[in-house]
Ligand SMILES: [Zn+2]
């Protein structure tokens, strides 16, 4: 049901409205010993990229699937350098990230035919950043009615199958991607 007005403000229309119960796995994961940055560690070796859900990598930036997605095809775009603030980005990094946002929207449209997107970054924990010390942008595809059907997916196992399927679908499209930044 659409909620209008009230105290919820624009949160009602944002991706927080999606109910994503597998994200409880994210809460549990945050208590594990492995504190390596997912954006830095995921880029290390070719062999680990598939496991780390890395779809695209160049000297400036990377794109990966969010392991704890708010929706099917939820992507994360990050600079290769471990930095927290957009003001620290070089011109080349900012250009690469801009180009990857556009390319990600195009590829997701082609592969998953969403009706809309949430696209943005949370800067700092107070703003909702789960990983506050490595800047990243979210690209979340949205479908009409997705807030209604998502609660059906209540098991982490189901989500991991979705991640494998999403990776298999999106990786060939990102492999063809040529981002040239001068
Ligand atoms: Zn990092």
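The values are calculated or read from the model by the stated rules, or taken from the named source; none is laboratory data. Treat the numbers as computed from the prediction; the structure is a model and nothing was measured. A quick note on method: Cβ atoms are made from the backbone with ideal geometry, for glycine too, and the neighbour counts reach across all protein chains shown.
Before moving on, here are some points about what is shown:
- Hits in the range 118-142 (condition: in contact (Cβ under 8 Å) with a residue 40 or more places away in the chain and within 18 Å of residue 105 (Cα to Cα)): 118, 136, 137, 138, 139, 140, 141, 142
- Residue within the range 44-62 that is at pLDDT below 70, in contact with a strand residue (DSSP E or B) (Cβ under 7 Å, 6 or more places away or on another chain), within 15 Å of the ligand (Cβ to nearest atom) and not in a strand (DSSP E or B) present: no
- Number of positions in the range 138-182 that are assigned to a helix (DSSP H, G or I) and either within 16 Å of the ligand (Cβ to nearest atom) or at pLDDT 65 or above (or both): 17
- Counted residues, the range 107-137 - those being within 17 Å of residue 56 (Cβ to Cβ) and either within 16 Å of the ligand (Cβ to nearest atom) or assigned to a loop (DSSP other than H, G, I, E, B) (or both): 4
- Scan of the range 66-91 for residues that are surrounded by 22 or more Cβ atoms within 10 Å (Cβ to Cβ), away from the ligand (no atom under 12 Å from the Cβ) and not in a loop (DSSP other than H, G, I, E, B), ordered by number: 75, 77
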